[in-house]
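Quick one: this structure, given as structure tokens, is what I'll be asking you about.
The values are calculated or read from the model by the stated rules, or taken from the named source; none is laboratory data. All values reported here derive from a predicted model rather than from experimental measurement. As a convention, Cβ positions derive from the backbone with ideal geometry for all residues, glycine included, and neighbour counts pool all protein chains shown. Only protein heavy atoms, including side chains, enter the accessible area calculation; ligands, DNA and RNA are left aside. Shrake-Rupley method; radii C 1.70, N 1.55, O 1.52, S 1.80 Å.
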Amino acid sequence: LQYLPRTLARVARGPIPQPLVDGLKDPNPVVRRIVVEALELSGNPDAVQSVEPLTHDPDPAVRKASEAALAFLGPA
């Protein structure tokens with residue numbers, strides 16, 4: 001699992017694929033966290049609007065990851 005965010009980040013450098021955005025709504029918090037980390041690693045500022053709602057996620061690890069991603073990605 002530790003390499004999955006890096007792998008997914010490569011596909012999010014251009015237009016973010018819809019299945020990746022859909023992963024942010026997955027019922028499993030581990031999946032949501034991995035997708036957030038991948039979007040952070042992608043450096044794609046288009047991800048900001050998709051990641052912002054996860055700053056209120058019920059899972060603390062997802063919240064922490066989304067806050068870190070937003071700090072890294074900066075304003076949309």
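Could you give the DSSP H helices of the chain that reach 15 angstrom or more along their long axis (alpha carbon positions) and whose average Kyte-Doolittle hydropathy is no lower than 0.5? Walk me through the numbers before you get to the answer.
On the way: long enough: 29-42 (20 Å, 0.88); 60-73 (19 Å, 0.66).
Helices passing the filter in the chain: 29-42, 60-73.
Further question on the same structure: Please give the length that would be gained between Q49 and K64 if that part of the chain were fully extended, namely 0.36 nm times their separation in residues minus their C-alpha to C-alpha distance (nm, one decimal).
3.8 nm
So what J values fall out for the stretch 45-57 if you push phi through Karplus, 6.51 cos²θ - 1.76 cosθ + 1.60 with θ = phi - 60°, rounded to Hz, Gly and Pro as x?
x, 5, 6, 3, 5, 7, 7, 3, x, 7, 5, 10, 5
If you don't mind, there's one more thing I want to ask. Connecting C-alpha atoms closer than 10 Å in a GNM of the chain, tell me which of V51, V21, V35 has the biggest fluctuation.
Checking each option, the largest mean-square fluctuation is seen for V21.
How big is the accessible area of S42 in square angstrom, nearest 10, if you roll a 1.4 angstrom probe over the protein chains?
20
While we're on this one: If the only charges are +1 at each Lys and Arg Cβ and -1 at each Asp and Glu Cβ, what is the size of the charge dipole of the chain around the Cα centre, to the nearest 20 debye?
Rounded to the nearest 20 debye, it is 200 debye.
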